[in-house]
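J.: One structure, pasted below without further comment.
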Amino acid sequence: MIVQIIFILVIAIVIGYLISIALLDGILQAPFADAFVAFCENVLQLDWYTAQKIYLIIFQQNKSLWLAVGFILLLLIIFYIALSRFTRYFNLISTSISMLSDESDKEIHLPAELDFLEKHLNNVKNKLEKRARDAQEAEQRKNDLVVYLAHDIKTPLTSIIGYLSLLDEAKDMPADQKDKYVTITLEKSYRLEQLINEFFEITRFNLQSIILEKELIPLNYMLLQVADEFYPLLVPKGQKAIVHIDGEINIYADGNKLARVFNNILKNAIAYSDPNSTIKISAKSENNQTFISFSNTGKTIPAEKLDMIFGKFYRLDSARSTQTGGAGLGLAISNEIVQAHGGTISATSSNDKTVFTVMIPTKS
């Protein structure tokens, strides 16, 4: 657009220059000369020869000077017109930017010659609005979750205080009853610890930055260890976790953080897979990339929710209370850890089968 305006200005100057020459030649011809001589005779009371001589000295002998003056005046006029147009454009652009900063709901409109800028500003505006909505929704989900967790903390805390009070008051309580109360109190304490950890997780998610400490990791051993650690959670629902890897695979990554990714995915698979089902864990390497898959059988995840499950504080089943669900940060944190490794994490779900796939560069 600016190039076009400059081109138009150059053409206008050339045409203006030619017009100036033509006009000046026309002005300095007989009609103008006669009028000037008549003016000198009638107003200045000069004789015809003196007036003619003045005309020759002022105009005919300084024709190039008058042409330069006319050309300069023409340039000033063209410059003023162009400057006015640019000033108008700048004012419109400034107003549009103010609309972005003020988060105005109105669409940005600019002249046709600024159409490219109009589209760009509207795209920026739409992205900013989407980010604001996403941030507001995430904050709302976070606030709701904090309220739910705060409410749920009261339940185990009340039970703990109640059973400890009974144990303190009844010194001669039968041993079997005392053991029962102690067991219940311990279970409630574990639950209280879990809820408090979720509070810390919510806070840490927005405050910590992911710093990787990479080393060579035997992936086979790591996945077997992860599956073994979840045995106590698998047994109550009759579930199994099977690891299948062809050959030995070593990757260069942060073992602790990558283990957290696998823990989050497997925990999610256990929570949402059918009882007495098998969770299959597999891995393979192709083209310097390692793919780790977690496959489980359970309720199909709707397509519109697959892109949302890696968002902050998003929980697939909103009906689940914090008794069975977490803070909704596990997959979001996993996504950030995998991206920090230069990899990707994705999910597919169809026909009651859900597969989470993590891609990590074998060497980085």
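The values are calculated or read from the model by the stated rules, or taken from the named source; none is laboratory data. Just so we're clear, the structure is a prediction, and the values are computed from it rather than from any experiment. Glycine gets a Cβ as well: all are built from the backbone with ideal geometry, and neighbour counts include every protein chain shown. In case anyone asks, the SASA skips ligands and DNA or RNA and just uses the protein heavy atoms, side chains included. Shrake-Rupley method; radii C 1.70, N 1.55, O 1.52, S 1.80 Å.
J.: Using a Förster distance of 56 angstrom, determine the FRET efficiency expected from the C-beta separation of N263 and N123, and round it to 0.05.
T.: On the way: r = 39 Å, r/R0 = 0.70.
For N263 and N123, the calculated efficiency is 0.90.
J.: So, one more: Just subtract the alpha-carbon distance of T362 and K178 from 0.36 nm times their residue separation and send over the number in nm, one decimal. Please list the in-between numbers first.
T.: On the way: separation 184, 0.36 × 184 = 66.24 nm, distance 5.45 nm.
Full extension of this stretch gives 60.8 nm more.
J.: My understanding is that a pair violates if its Cα-Cα distance is over 18 Å; which of K280/K353; K127/K305; K284/K305; K237/K267 do that in this structure? Numbers along the way, then the final one.
T.: Details: K280/K353 11 Å; K127/K305 21 Å; K284/K305 27 Å; K237/K267 13 Å.
Flagged as over cut-off: K127/K305; K284/K305.
J.: Rounded to the nearest 5, what is the percent of antiparallel bridges among the DSSP beta bridges in segment 201-307?
T.: 65
J.: Give me the distance in nm between label points sitting 7 Å out from Cα along the Cα-to-Cβ direction at S104 and L167, one decimal.
T.: In this crude label model, S104 to L167 measures out at 6.7 nm.
J.: Sticking with this structure for a sec: Please compute the length gained on full extension between A112 and D352, using 0.36 nm multiplied by the number of residues separating them and subtracting their Cα-Cα distance. Could you put the intermediate results ahead of the total?
T.: Numbers: separation 240, 0.36 × 240 = 86.40 nm, distance 5.25 nm.
The A112-D352 span can extend by a further 81.2 nm.
J.: Okay, next question. Extending each Cα 7 Å along its Cβ direction at I57 and F291, get the distance between those two points in nm, one decimal.
T.: That separation, rounded to one decimal, is 9.8 nm.
J.: Quick one: accessible area per residue over segment 235-312, 1.4 Å probe, rounded to a whole number of Å²?
T.: On the way: 4080 Å² over 78 residues.
Solvent-accessible surface per residue comes out at 52 Å².
J.: Something else: To the nearest 0.05, what FRET efficiency results for D307 and D228 with a Förster distance of 30 Å applied to their C-beta separation?
T.: 0.40
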